[in-house]
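Worksheet for the structure shown next.
The values are calculated or read from the model by the stated rules, or taken from the named source; none is laboratory data. Just so it is clear, the model here is predicted, and its values are computed rather than measured. Cβ sites come from the backbone with ideal geometry, for glycine too, and all protein chains shown count toward neighbours. Remember, those area values only see protein heavy atoms, side chains included, never the ligands or the DNA or RNA. Shrake-Rupley method; radii C 1.70, N 1.55, O 1.52, S 1.80 Å.
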Amino acid sequence: MSLELTPGLRYDMPPAFGPSVAPDLSSGYEVLSATVLYTTDHDAVAALLPHWFVPMPKPVVSVNYQRLLGLDWMGGRGYNIVSVYVTAQTQGEDVVPIEAPYGLVIWESDCAPVISGREFMGTPKLYGQIP
């Protein structure tokens, strides 16, 4: 048995659950954020990345705080996020090199976005009490 996806529809992980029930576009919410950036040693972050990624020669670590308020898909509630990213590049045979921030960890203060992000989209999310 094989899974046939419908072109033009968005799927979360695993796609066998069917098309995503999340809205394609949310509006009317507010985001407050702060970010701290710093460079670090290549070897200091190399062990934190999967084998198909390598840190950039002068990796930049980004520690982010976000407070989301009035989200329609959460019934008007909000939640807080703390995330840590590092600049990395894809590597491997027949792999197009892409340079981008790689998400090492994301803490969120509500389980609904943790579950949807971690289980359906594959992002490294954990629940945390974030004031």
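I'd like the full set of residues that are touching a strand residue (DSSP E or B) at 6+ places or on another chain (Cβ under 7 Å), open to solvent by 60 Å² or more (accessible area, probe 1.4 Å) and either more than 16 Å from N64 (Cα to Cα) or without any contact (Cβ under 8 Å) to a residue 12 or more places away in the chain (or both), limited to the stretch 97-131.
Listed by number, the residues that qualify are P97, I98, E99, C111, R118.
With respect to the numbered conditions (1) within 29 Å of L3 (Cα to Cα); (2) within 15 Å of the chain's Cα centre (by Cα), which one is the sole condition not fulfilled by S26?
(2)
Where the second residue is among the small types (G, A, S) and at pLDDT 75 or above and the first is within 19 Å of G117 (Cβ to Cβ) and outside any loop (DSSP other than H, G, I, E, B) and lies in the stretch 1-15, which pairs have Cβ atoms under 8 Å and are six or more apart or on separate chains?
Between residues of the stretch 1-15 that are within 19 Å of G117 (Cβ to Cβ) and outside any loop (DSSP other than H, G, I, E, B) and residues that are among the small types (G, A, S) and at pLDDT 75 or above, the close pairs are Y11/G18; Y11/S20.
Kindly check whether there is at least one residue in the stretch 23-35 that is surrounded by 10 or more Cβ atoms within 10 Å (Cβ to Cβ), assigned to a strand (DSSP E or B), touching a Pro at 6+ places or on another chain (Cβ under 7 Å) and at pLDDT 80 or above.
No; the residues of the stretch 23-35 include none that is surrounded by 10 or more Cβ atoms within 10 Å (Cβ to Cβ), assigned to a strand (DSSP E or B), touching a Pro at 6+ places or on another chain (Cβ under 7 Å) and at pLDDT 80 or above.
Looking at L25, L48, can you tell me which residue is in contact (Cβ under 8 Å) with a residue 12 or more places away in the chain and out of contact with any Phe, Trp or Tyr (no Cβ under 8 Å at 6 or more places or on another chain)?
When all the criteria are applied, what remains is L48.
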